[in-house]
Amino acid sequence: MGPALLLVAETDGEVTGHVVSTYGTLAGTRVLGLGPIGVDPARHGKGIGSALMHAAIGAADAAGEPAIILLGDPKFYGRFGFVPASAHGVDPGPHEWGDYFQIRTLAAWNDDLHGSFAYAPPFDQFG
């Protein structure tokens, strides 16, 4: 199965960034795991990454997804509404990522969703 949500940023006909989300599972429910996200280093600081994040969040919410989970810097992703996943009873399974393992709940969130999150199977190959 391919990416659940793939967005590409284009500037003047040139690809300048991308974000990919795939389905993982949480309490038997499919939930999006976001990453990777990347922006052409020559275009950093121009809002492309922020635009991609806002678009990914909006698309996921509009599609009725309950949440987006990611692994990243809380200082960066906090501005998009991400909080430590532990605040919602979600843990990263056998990994010890602490506050870097984050969640952004969406309109379809259900407080019964808690427990261990598992990324899509291909991620298991990389530990």
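The values are calculated or read from the model by the stated rules, or taken from the named source; none is laboratory data. This structure is a prediction, so every number in the text was calculated from the model and none was measured. Side chains included, ligands, DNA and RNA excluded: accessible areas come from the protein's heavy atoms. Shrake-Rupley method; radii C 1.70, N 1.55, O 1.52, S 1.80 Å.
Please determine, in degrees from 0 to 90 and to the nearest 10, the orientation of helix 48-62 with respect to the longest principal axis defined by the Cα atoms of the chain, where the helix direction is its Cα long axis.
50 degrees
In terms of modelled amide H atoms, which long-range or inter-chain residues lie less than 5 Å from the amide H of residue 31?
Long-range HN contacts for residue 31: 24, 25, 26.
Would you check the accessible area of residue 57, probe 1.4 Å, heavy atoms only, in square angstrom rounded to 10?
Probe radius 1.4 Å; accessible area of residue 57 about 20 Å².
Take the eigenvalues of the Cα gyration tensor for region 1-70, scale each by 5, and report the square roots as semi-axes in whole Å, largest first.
Details: eigenvalues 122, 23, 21 Å².
Values for region 1-70, descending: 25, 11, 10 Å.
Which percent, to the nearest 5, of DSSP beta bridges fully inside the chain are antiparallel? Walk me through the numbers on the way to the answer.
Details: 25 of 29 bridges.
DSSP beta bridges in the chain are roughly 85 percent antiparallel.
Would you please give the residues with an amide H less than 5 Å from that of residue 91, counting only those at least 5 places away or on a separate chain, with H modeled from the backbone geometry?
Here the answer is 115, 116, 117, since their amide H atoms fall under 5 Å of that of residue 91.
Contact order normalised by length for the chain, with contacts defined as Cα pairs under 8 Å and 6 or more residues apart; what percent is it?
Values: 229 pairs, mean separation 32.1, N = 127.
Here the relative contact order equals 25 percent.
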